[in-house]
Amino acid sequence: MRRLLSSAALVALVTVLAPTTSYAQPQSLNFYLGGFVPKAEDSRTKGDVLVNNLSFLTFNLKDFNTGAVGGEWQFPLNRLIDGSVGLGFSTRSVPSVYSGFVADDRSEIEQTLKLRIVPFTAMIRLLPLGHDTPVQPYVGAGVGIFSWRYSETGQFIDFSDGSLFRDRFVGSGATAGPVIVGGLMFQPGPWGFGGEIRYQSAQGELPNDQFFAGDKIDLGGFTYSATFKIRF
């Protein structure tokens, strides 16, 4: 039910943002290419599986820094405000081993932790200098629905008897959360380029029937990217 309500809210926002014929300015397709940096350990949600994993697995949260790509349809609402809808993608696989435990043959007990996030966003942007200037700073905010998948694959310890077993544990879903953006676009003609910082905040609920050390996965973080625009 929560997922349906979040989807309905996003559809409603997109409908409100849809451009009208009363303001006939060029629309654009925007593309971004950059890097996603998840939240640091001290700012992640309580019960986050990655933070809990750090108590017995050896890896670094910075290892989840990864590339991010995406695209948007952007349209003017009035002289200073744009609306947009977009889709992005990021994924990262991180190797880990048990801290302080090895197999009987003295080899490491290894797992791979993998997180994938696909955000679908609807936003509005304020352009204080308007659409017609060659330099366009902007700030904006909106909502995203974040489709995610988190998995742990490899060897694990059954602490009830100390035995090792190989398995894969998976959690996935979609959850809504706020998105905040700021950037600078250079628009000398029908094409443009610039830079952007985007912040997202959301968390996924992990299934209770899996072998996870936490019941949540924090999906929040910053995306730093180069942006490219084509007007039409």
C-alpha long axis of helix 2-17 to longest principal axis of the chain, angle in °:
20 degrees
Restricting to Cα pairs below 8 Å that are 6+ residues apart, what does the relative contact order work out to for segment 124-183? Please round to a whole percent.
38 percent
Considering the alpha-carbon set of segment 103-215 alone, what are its Rg and its Dmax in angstrom?
22.1, 69
Segment 151-201: C-alpha gyration tensor shape, a/c 1.5 cut-off, then a/b vs b/c:
prolate
Sequence gap at least 6, Cα distance under 8 Å: using those rules, report the relative contact order of the chain to the nearest whole percent.
22 percent
Under 13 Å from the Cβ of D48, count the other residues' Cβ atoms, weight Lys and Arg +1, Asp and Glu -1, and hand me the total.
-1
Per residue Cα convex hull volume in Å³ - calculated over segment 58-140:
110 Å³
Candidates per chymotrypsin sites (Phe, Trp or Tyr not before Pro) in segment 113-192, loop by DSSP, up to 15 other Cβ within 10 Å:
F159
At 222 nm, what helix-only mean residue ellipticity would the chain give, in deg cm²/dmol to the nearest 500, using -39500 (n - 2.57) for each DSSP H run of four or more?
-2500 deg cm²/dmol
So for segment 32-73, Kirkwood radius off the Cα pairs, Stokes-Einstein at 20 °C and 1.002 mPa s: how many µm² s⁻¹?
179 µm²/s
Which aspartates and glutamates, on any chain, are close to K46 with Cα under 18 Å apart, when same-chain ones fewer than 8 places away are left out?
E205, D215, D218
Over the Cα atoms of segment 175-220, what radius of gyration and what Dmax do you get, in Å?
17.9, 55
Taking loop as defined by DSSP and a crowding limit of 14 other beta carbons within 10 Å, which trypsin sites (Lys or Arg not before Pro) in segment 44-145 fit?
K46, R79, R106
Å³ per residue of the Cα convex hull, for the chain?
118 Å³
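No lab work stands behind these numbers, since they all come straight from the coordinates. Since the structure is predicted, the reported quantities are computational estimates derived from the model, not experimental observations. Note: ideal-geometry Cβ built from the backbone for every residue, glycine included; neighbour counts use all protein chains shown.
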